[in-house]
Amino acid sequence: MTASLDAASPPSPASPSSFGPARELVCRACGATFPLGDSYACMECFGPLEIGYDFGTVTHADIETGPQSMWRYASLLPVPSDIATRKNLSPGMTKLVKADNLAAALGMKALWVKDDSGNPTHSFKDRVVAIALSAAQELGFTTVGCASTGNLAGAVAAAAARAGLRSCVFAPSDLEAGKLVTTAVYGGTLVTVDGNYDEVNRLCSEVAGDLGWGFVNVNLRPYYAEGSKTVGYEIAEQLGWRLPRQVVSPIASGSLMTKVDKAFRELVGLGLVEDSPAAIFGAQATGCSPVSAAWAAGHDVVQPVRPDTIAKSLAIGNPADGPYAIDVARRTGGAIADVADDEIVAGIQLLAATEGIFAETAGGVTVATLGKLLDAGLIDPEAETVILNTGDGLKTLDAVAPVATPTVTIAPRYAEFRAFAEEKGL
Amino acid sequence: MSVSVRIPTILRPYTAGASEVAADGGTLAEVIDAIEVDHPGLKARVLDDDGSIRRFVNVYVNDDDVRFAEGLATATPDGTSISIIPAVAGG
């Protein structure tokens, strides 16, 4: 029988599964399983749920012939196989920059920067949002939202605009101006809250429960979190299908660091990379360092703190994935450290001055922490290392504005410039 | 002493769908015991086998995370509002 062209035909049974290789939700704490849906906390123990998969065979060729976006890994994500043809921002496949100048400045042999400021809204959050919004549509949500430290709000507002969904995003009212503007411009509802991120997060948990909206990092969190895996997949593929010896990731909720590790484990399990050691290191700002403090104290439980740092995108005082970030650092032979605000600014300047990459404050945290871990002898300068830059410095101009100023201001007269140039030895 | 307790969606099967319940008790521990009488099963969802607040549960007394206060011994004077919220994160 030939396929009918009648528009009223029922959907073909061969239509792609709404969630691709995803099969169920699994509690990370107790292992209980639940059907795919909008649950995010275990009915048994409140533990976080994550996606359980049934991957088939996936080859290098399957991936390499895919689109130049994170959708080349669709067969490893909870998305339909035709996701690349749907209305979304097609994030990912950002540059892996060989950072020889920064390596030389730090006395390292081989260093790369995975530069996620190249995503559509200039942060790695486009990856997680793309998957969360796919799930939102499959689950029938027409309004999506989030609790945000800034980057996520813009990513949700932009992706919702493109997908034709309503958005209502929540963020602390003291956010950087750049992040408020780059969210509001997309036309959804932006609610700023007189409180810190943890208070915004709590509010959104209550709103999500009562209004029936899809909050990407609350009730869609199991799907959302999987987007961070694509950072790990891309690093491995861009290195020529192998794992780096060391990775340094910023820690806010702790999710990114754990998902990069998960990506590496999956690639090993699928036979796509060799099972070589890949130590994962975490970076925090001292003004919000609950995970680093727990690591230093040898604790498994993360004591919440009240954040006070210029690295607002990392200012989560009660990080839900903190214990898992500690597990990952311990299991892989990594470590977790934190750096002060002035070191963060210096980190931003160092990356900019050596590699021409302007990172937001979170990137400054990562660069400065790399330096600190090298000084402490915890990172091997001889071993290949990848650091993650998760966002664009243009969104956090305030942090560096006091130190990034014109060298001189002169009158439009040649003699005046000559005098300046001679004085400076230019 | 009567306090109000906001119940997250995930625990509403224990409260016949109610999003808020009233209870008596001078401390958070006493309030949780009182809720258990009217809504059996709920306590074991909030506290672990050792009687501590579960790792992935946040409890707020008048907007303050009890981990910053006295935990289960946090005072709950008359009129206090308590929220029980599953921990989630992600910026």
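Read-outs: derived from the displayed coordinates by stated rules, not from any lab. Since this is a predicted model, take the numbers as computed values, not measurements. Note that each Cβ is placed from the backbone with ideal geometry, even for glycine, and that neighbours are counted across all protein chains shown.
Please give the average number of partner chain Cβ atoms lying within 10 Å of the Cβ of each residue in A:25-31, rounded to a whole number.
That average works out to 1.
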Rounded to the nearest 5, what % of the DSSP beta bridges within chain A are antiparallel ones?
-> 35
Cβ-defined net charge surrounding A:G209, 14 Å radius [Lys, Arg +1; Asp, Glu -1] = 0
Search the structure for amide H atoms under 5 Å from the amide H of A:V248, placed 1.01 Å from N in the peptide plane, and list their residues when 5 or more places away or on another chain.
-> A:F281, A:V386, A:I387, A:L388
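Based on DSSP H runs of at least 4 residues, each adding -39500 (n - 2.57), what is the mean residue ellipticity at 222 nm of chain A after dividing by all its residues, to the nearest 500 deg cm²/dmol?
Numbers: 15 runs with 157 residues, N = 426.
Calculated from helices alone, the mean residue ellipticity at 222 nm is -11000 deg cm²/dmol.
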The stretch B:30-37 - phi-based ³J(HN,Hα) in whole Hz, Karplus 6.51/-1.76/1.60, Gly and Pro as x | 5, 5, 5, 4, 5, 4, 4, 5
Any chance you could give the angle, 0 to 90 degrees and rounded to 10, that helix A:322-332 forms with the longest Cα principal axis of chain A?
-> 80
Can you give the angle from 0 to 90° between the axis of helix A:229-238 and the longest principal axis of chain A, with both taken from C-alpha atoms, to the nearest 10?
-> 70
Any chance you could check the Cα centroid distance between the stretch A:61-84 and the stretch B:34-63 for me, in angstrom?
-> 42
Regarding the stretch A:162-286, what are the three Cα extents along the principal axes, ordered largest first, in Å?
-> 47, 35, 26
Reduced to Cα centres, the span from the stretch A:109-160 to the stretch A:236-271 in Å works out to 18
Between rounded, prolate and oblate, where does chain B land on the alpha carbon gyration tensor, with a ≥ b ≥ c its root eigenvalues, rounded for a/c under 1.5, else prolate if a/b exceeds b/c?
-> rounded
In degrees, nearest ten, helix A:255-269 long axis to first principal axis of chain A (Cα) | 60
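Multiply the residue gap between A:V301 and A:E382 by 0.36 nm, knock off their C-alpha separation, and tell me the result in nm, one decimal place.
Numbers: separation 81, 0.36 × 81 = 29.16 nm, distance 3.29 nm.
Going from the current span to full extension adds 25.9 nm.
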Within chain B, helix-based [θ] at 222 nm, where runs of 4 or more DSSP H residues each add -39,500 (n - 2.57), nearest 500 = -4500 deg cm²/dmol
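Give me A:W213, A:W295, A:W241 ranked fewest to most by other Cβ atoms within 10 Å of their Cβ, as a rough exposure proxy.
On the way: A:W213 22, A:W295 25, A:W241 14.
Placing the least packed residue first, the sequence is A:W241, A:W213, A:W295.
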List the equivalent ellipsoid semi-axes of the stretch A:384-426 in whole Å, largest first, each obtained as the square root of 5λ for an eigenvalue λ of the Cα gyration tensor.
-> 35, 16, 8
Assuming 1.306 mPa s and 10 °C, estimate D for chain A with Stokes-Einstein, Rh taken as the Kirkwood radius over Cα pairs, in µm²/s.
-> 72
Whole Å is fine, so just give me how far the alpha carbon centre of the stretch A:165-232 lies from that of the stretch A:318-390.
-> 25
Contact order relative to length of chain A, as percent, for alpha carbon pairs under 8 angstrom and 6 or more apart = 15
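Using the 10 angstrom Cβ neighbour count as an exposure proxy, how do A:K95, A:K395, A:K125 rank, fewest first? Kindly include the intermediate steps, with their values, before the conclusion.
Working: A:K95 16, A:K395 27, A:K125 36.
Listed from fewest to most nearby Cβ atoms, that is A:K95, A:K395, A:K125.
Which residues make up the longest stretch of chain A clear of GluC sites (Glu not before Pro) that lie in a DSSP loop with no more than 16 other Cβ atoms within 10 Å, not counting the sites? Mind dumping the intermediate values first?
Numbers: sites that count: A:E44, A:E274, A:E382.
Between the exposed loop sites, the longest stretch runs A:45-273.
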What is the order of A:S289, A:S276, fewest Cβ neighbours within 10 Å to most?
-> A:S276, A:S289
Within 10 Å of each Cβ in peptide A:41-49, how many partner chain Cβ atoms are there on average? Round it to a whole number, please.
-> 6
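If the chain between A:E64 and A:D398 were fully stretched, how many nm would it gain, using 0.36 nm times the residue separation less the Cα-Cα distance? Before the final figure, lay out each step's value.
Details: separation 334, 0.36 × 334 = 120.24 nm, distance 4.01 nm.
Taking 0.36 nm per residue and subtracting the Cα distance, the gain is 116.2 nm.
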